[in-house]
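First comes the structure, then the notes that go with it.
Here, each number is a calculation from the coordinates, and none is a lab measurement. Note that the coordinates shown come from a computational prediction; the quantities given were computed from them, not determined experimentally. Note that each Cβ is placed from the backbone with ideal geometry, even for glycine, and that neighbours are counted across all protein chains shown.
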Amino acid sequence: MKTRTVLGVVTVWTVVGLALAATAQAAVLTSPVVLPQGTDDIECTIVNASTQIRDVTIQVWRLNGSLVDSSAKSLEPGEETLLDAADQSAYRYCRFIVEGGKTNFRAAACIFQHLVGHRMCVTAE
């Protein structure tokens, strides 16, 4: 009888531990590849759509696997942040490493032309 009780308690704590570990893991949102031209920049923008403060890391990557730039920040509910990377004439994409699941964020990669504004944005999923 004692063996069953101990086994049951261990099983319950194992399930609870796995559930907590799964919710604590980071999720990743990735944008499609974009090609800024001339003096255009890429802007990786993200907003915290949840009701809690959440951590986010924004990265800009080249297709060859090299990291262009990276930034980390804690966002208040409804707060937006962006990373602007000037690395002309190279295919790039945005990667967002987020706390608390993808559904808590809205993110995009935008081509930004100085003195004009955004020319195009694509959603990160």
Ordered by packing density, taken as the mean number of other Cβ atoms within 10 Å over each peptide's residues, highest first, how do 55-64, 32-41 rank? 55-64, 32-41
If I model a spin label at Lys102 and Val33 as a point 7 Å from the Cα along the Cα→Cβ vector, what separation in nanometres do I get? 2.0
Label-to-label distance, nm, for residues given as Gln25 and Glu80 (7 Å Cα→Cβ offset): 3.1
Per the stretch 48-120, sqrt(5λ) over the Cα gyration tensor eigenvalues, sorted largest first, in Å, gives 24, 15, 10
Nothing charged except the Cβ atoms of Lys and Arg (+1) and of Asp and Glu (-1): what's the magnitude of the dipole of the stretch 26-123 about its Cα centre? Round to the nearest 20 debye. 320
Got a sec? Which residues in the stretch 76-108 would a label at Val122 touch, if it sits 7 Å along Cα→Cβ and we count backbone N under 14 Å? 90-95, 108
